[in-house]
Amino acid sequence: MRTPITAAELRHLFIEFFKSHGHAEIKSAPLVPENDPTCLFTTAGMHPLVPYLLGAKHPSGKRLTDVQKCLRTGDIDEVGDPFHLTFFEMLGNWSLGDYFKEEAIAMSFAFLTEKLGFRKEEIKVTCFAGDENAPKDEEAASIWRKHGIPEQNIYFLGKKDNWWGPAGQSGPCGPDTEMFVPLDRPDCGSDCGPACGCGKWVEIWNDVFMQYNKTLDGQYIPLEHPNVDTGMGVERVTAFMQGVKSAYQTELFRGIFACIKELSGREDADYDCRSARIVAEHMRAATFLIGDGVKPSNVDQGYVLRRLIRRAIREARKIGITQSFTNSIAAVVISEYSSVYPELSQQETVIHEEFIREEEQFGKTLENGTREFNKLIDRIPEFVAKKVISGKHAFNLYETYGFPLELTVEMAKERGFEVDETGFHEAYEKHQALSRAGAEQKFKGGLADQSDATAALHTATHLLHKALRKVLGEHVAQSGSNITAERLRFDFSHPDKMTPEQLTEVERIVNEQIQKDLPITCEEVSLEEARKRGAIGLFGEKYGEVVKLYTMGDFSMEICGGPHATHTGALKSFKIVKEESSSRGVRRIKAVLG
Ligand code: SER
């Protein structure tokens, strides 16, 4: 019988185990990637470590361990069921060109059996089956055999299951081996295992063997020093160890549900209530996001945050919470998590202020918007007959009343209506094009929320990226970017210090493109189409197959989330203020516009 452990105990066991095996503990990076503007959130423990997995030297050494805050938005609409989360914590250990499969698997095996108490007979593992890019991972399988995992418990699966990365479009990746343990329930049949899909076998750990760097043109280049990247989800493993079905039933959410129950005055507003789960999950994620400096807005991270808070408010109303409540829950999150993530208590005041502001603003939005929404549904016979809200009307609710599309869709669904979402996007695009053409209207969700200075600096990074490739060669690839209102900072792969002549030439090329006042256009195309057209750029988070492609005249074509200036002339002039080393094989340029 395994002893149930808490999340705090799990974090402690894991970190201490890897420390005792020579790993340095590092701090969780923020939820907003520091050097990757193409990626909204940190989605895995390895994400902040990409430069090091590609060969840069890490100041803490070659063996690292941490617990990393992560946020994934891919399943945001599924939150409400007992399993999906946006925010979660990931434990991990890394070898940066140090140990590889032999030691990584030995440590995973030791941790599972000695620290978590699994018997080796109840562990099943999967290994990579091999394909045209990489061979079958017999090596990993034979190491598992050596540790006594029975042959019939070792499975070989394809790329879909046993390959990880790259986190974006290019970068470190490789075969992985995943570890599964059984829920206490009967087998589904003779071949019940990791691949059967019945849910009995729970993946609790993933060891990725990063042997390749996938290039933008789809090649898998072996890495000189292969790395190990592992990930173990704190919420999932905690629930498993406690023998409960979902993370919502663990102590990680207990205090939050107690608060929700008190606020709503309802005993049933607990982990098995869908609305309460949404409030709990979204408020936890939102508190962490504000703690990391995100503010509610209509773009990028701010938009996701706004969506989380607003959905939490709507769901709270359904369980009888009509008073202002966000700060009561935020206070619970702050007090329960600050010992692991001290930034929460450090940012307490900001967190409270932002929640109050957003709650007030949304209160007004809801009141006016709901009135308008009901008018739409009740009074116009056309809608009643077709049970479809037109894209134009949905857009009007968005534009005039600040109703996010998802909210309109959800409210419509509750009344048995559908929303013409394609029509909404058409109306959105049309409006955006009008704004870009110079109309004075402010557009919520477009450039209006970003300062023009930031957008111009962002545009300058595209011009700089292309100019560097022209002057230094095609090996130049962006490895990081950071923009403040005053300057841009651009990290890129290049082995040597740039000469004064090269710097002057890069500056000249960028200024030439500024003087040409090139038009900047944005198209949404499939990733495949973007690649075919020769676009450059990373695309960190998997938004699906459609990406935004920014074209600047015939000079630059790059996949990017935006926003950008509408024409290069807006940049006025470009000046490099510093060129320096960022890490091994990576140079850094700081530049300003004038
Ligand atoms: N990067 C891998 C994952 O996210 C292992 O950490 O599963």
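Over 21 Å between C-alpha atoms is what I'm after, so list which of 387/548; 430/466; 497/572; 27/124; 124/146 land there.
Check vs 21 Å cut-off fails for 387/548; 430/466; 497/572; 27/124.
Can you list residues whose amide H is under 5 Å from residue 242's amide H, if they're 5+ apart or on another chain and H is modeled 1.01 Å from N?
For residue 242, whose amide H was placed from the backbone, the distant partners under 5 Å are 5.
Determine the calculated [θ] at 222 nm for the chain from helices alone, applying -39500 (n - 2.57) to every DSSP H run no shorter than 4 residues and normalising by the residue count; nearest 500 deg cm²/dmol.
Numbers: 19 runs with 234 residues, N = 594.
My calculation for the chain gives -12500 deg cm²/dmol from helical runs alone.
How would you order 231-242, 40-51, 418-429 from highest to lowest mean count of nearby Cβ atoms within 10 Å?
Descending mean neighbour count gives 40-51, 231-242, 418-429.
Take every Cα pair under 8 Å in the chain that's 6+ residues apart, average their separations, divide by the length, and report that relative contact order as a whole percent.
Taking the mean separation of contacting Cα pairs over the length of the chain, I get 12 percent.
Rg and Dmax of region 229-274 over Cα atoms: what are they, in angstrom?
Every Cα atom of region 229-274 included, Rg and Dmax give 12.7, 45 Å.
Using only Cα atoms, locate the centre of region 290-357 and the centre of region 175-204, then give the distance between them in Å, rounded to an integer.
If you average the Cα positions of each part, the centres end up 36 Å apart.
Using the Karplus curve 6.51 cos²θ - 1.76 cosθ + 1.60 with θ = phi - 60°, work out ³J(HN,Hα) for each residue of region 327-335 in order, rounded to whole Hz, and write x for Gly and Pro.
Residue by residue, region 327-335 yields 6, 5, 6, 4, 4, 5, 4, 4, 5 Hz.
Using alpha carbon centroids, what distance separates region 32-95 and region 96-133, in Å?
The two parts, judged by their Cα centres, are 20 Å apart.
Over the residues of region 87-127, compute the C-alpha Rg and express it relative to 2.2 N^0.38 Å. Can you show the working numbers first?
Numbers: Rg = 12.1 Å, N = 41, 2.2 N^0.38 = 9.0 Å.
The reported ratio for this selection is 1.34.
Please list, in chain and number order, the residues 5+ apart from residue 567 or on another chain whose amide H is under 5 Å from its amide H, with Hs placed from the backbone.
Here 520 satisfy the definition.
Can you compute the charge dipole magnitude of region 258-341 about its Cα centre, using +1 on each Lys and Arg Cβ and -1 on each Asp and Glu Cβ, nothing else charged? Give it in debye, rounded to the nearest 20.
440 debye
Once the Cα atoms of region 340-423 are picked out, what are the Rg and Dmax in Å?
17.0, 56
Whole number please: convex hull volume per residue of the Cα set in region 1-125, in Å³?
142 Å³
Kirkwood hydrodynamic radius, region 295-435, all distinct C-alpha pairs: what's the number in Å?
16.7 Å
Per residue, how much space in cubic angstrom lies within the convex hull of the C-alpha atoms of the chain?
On the way: hull volume 99.3 nm³, N = 594.
Expressed per residue, the convex hull around the Cα atoms of the chain is 167 Å³.
How many times 2.2 N^0.38 Å is the alpha carbon radius of gyration of region 284-361?
1.03
Can you give me the convex hull volume of the Cα atoms of region 131-273, divided per residue and expressed in Å³? Can you show the working numbers first?
On the way: hull volume 23.1 nm³, N = 143.
In region 131-273, the Cα hull volume divided by residue count equals 162 Å³.
List, in order, the whole-Hz ³J(HN,Hα) value for each residue of region 474-479 obtained from phi through the Karplus relation with A = 6.51, B = -1.76, C = 1.60 and θ = phi - 60°; use x for Gly and Pro.
Working through the residues one at a time gives 6, 6, 5, 9, 5, 10 Hz.
If I take the Cα coordinates of region 1-72 and project them onto the principal axes, what are the three extents in Å, biggest first?
Rounded to whole Å, the extents work out to 46, 28, 17 Å.
Of 108, 390, 335, how do they rank once you tally other Cβ atoms within 10 Å and put the fewest first?
With the sparsest Cβ surroundings first, the list reads 335, 390, 108.
How do 145, 119, 310, 277 rank when sorted from fewest to most other Cβ atoms within 10 Å of their own Cβ?
By the 10 Å Cβ count, ascending, the order reads 119, 145, 310, 277.
Can you work out ³J(HN,Hα) from phi for every residue in region 120-131, in order, using Karplus 6.51 cos²θ - 1.76 cosθ + 1.60 and θ = phi - 60°, giving whole Hz and x for Gly and Pro?
5, 5, 9, 9, 10, 10, 10, 10, 6, 7, x, 7
Here, each number is a calculation from the coordinates, and none is a lab measurement. What you see is a predicted model; the values in this text were computed from it and never measured. Note: ideal-geometry Cβ built from the backbone for every residue, glycine included; neighbour counts use all protein chains shown.
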